[in-house]
Amino acid sequence: QVQLEESGGGLVQPGGSLRLSCAASGSISRILVMGWYRQAPGNQRELVANIISGGSTNYADSVKGRFTISRDNAKNTVYLQMNSLTPEDTAVYYCNVVAGTVVSPRLYNYWGQGTQVTVSS
């Protein structure tokens with residue numbers, strides 16, 4: 001099994017910044033993708049950004065130029081630096097990891113419990 005520990009959410013004023021972190025632990029043999037999704041009330045969960053094992057990244061159009069995703073492979077940790085935040089960024093942010101374990105090398109999706117990000121004055 002893979003466990004994900006998220007941190008860094010909170011309340012911030014418009015124009016402010018936050019940094020989310022997600023550390024993966026457990027009997028991990030391989031991590032293919034690490035990323036972040038978000039879900040606002042009444043909306044579907046959507047991809048914010050992800051980073052593939054080779055380093056390539058994907059961003060939602062709404063966050064391009066404002067958010068930066070990065071990954072520390074040695075620590076199995078993914079970061080999301082969020083700048084120029086707006087009220088539209090308010091949501092629960094979920095860490096997502098696609099990984100295999102030493103017990104089962106088959107790749108599975110793992111989800112964190114979510115961290116609230118609120119952008120408000």
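The values are calculated or read from the model by the stated rules, or taken from the named source; none is laboratory data. Note that the structure is predicted; figures quoted are calculated from it, not measured. Methodologically, a virtual Cβ is constructed for each residue, glycine included, from the backbone with ideal geometry; neighbour enumeration extends over all protein chains shown. For accessibility, only protein heavy atoms count, side chains too; no ligands or nucleic acids. Shrake-Rupley method; radii C 1.70, N 1.55, O 1.52, S 1.80 Å.
Set side by side, the residues Ser70, Ser53, Ser84 differ, and just one is surrounded by 13 or more Cβ atoms within 10 Å (Cβ to Cβ), of a type outside the set (Val, Ile, Thr) and at pLDDT below 95, which is Ser53. Taking the criterion of being open to solvent by less than 60 Å² (accessible area, probe 1.4 Å) and assigned to a strand (DSSP E or B), the residues of segment 87-114 that qualify are Ala91, Val92, Tyr93, Tyr94, Cys95, Asn96, Val97, Val98, Ala99, Gly100, Thr101, Tyr110.
Only one residue in Val48, Val78, Val33, Val97 is out of contact with any Phe, Trp or Tyr (no Cβ under 8 Å at 6 or more places or on another chain) and touching a residue at least 24 places away in the same chain (Cβ under 8 Å), so which one is that? Exactly one residue qualifies, and that residue is Val33. Scanning segment 56-67 for residues that are outside any strand (DSSP E or B) and farther than 20 Å from Asn109 by Cβ, we see that the one that is least open to solvent (accessible area, probe 1.4 Å) is Val63.
Do the conditions hold for Val117, that is, is it open to solvent by less than 40 Å² (accessible area, probe 1.4 Å), under 17 Å from Arg38 (Cβ atoms) and under 13 Å from the mean Cα position of the chain (by Cα)? Answer is yes for this residue.
Tell me whether segment 30-46 contains one or more residues that are aliphatic (A, V, I, L, M), within 21 Å of Gly16 (Cα to Cα) and crowded, with 19+ Cβ neighbours inside 10 Å. No, segment 30-46 contains no residue that is aliphatic (A, V, I, L, M), within 21 Å of Gly16 (Cα to Cα) and crowded, with 19+ Cβ neighbours inside 10 Å.
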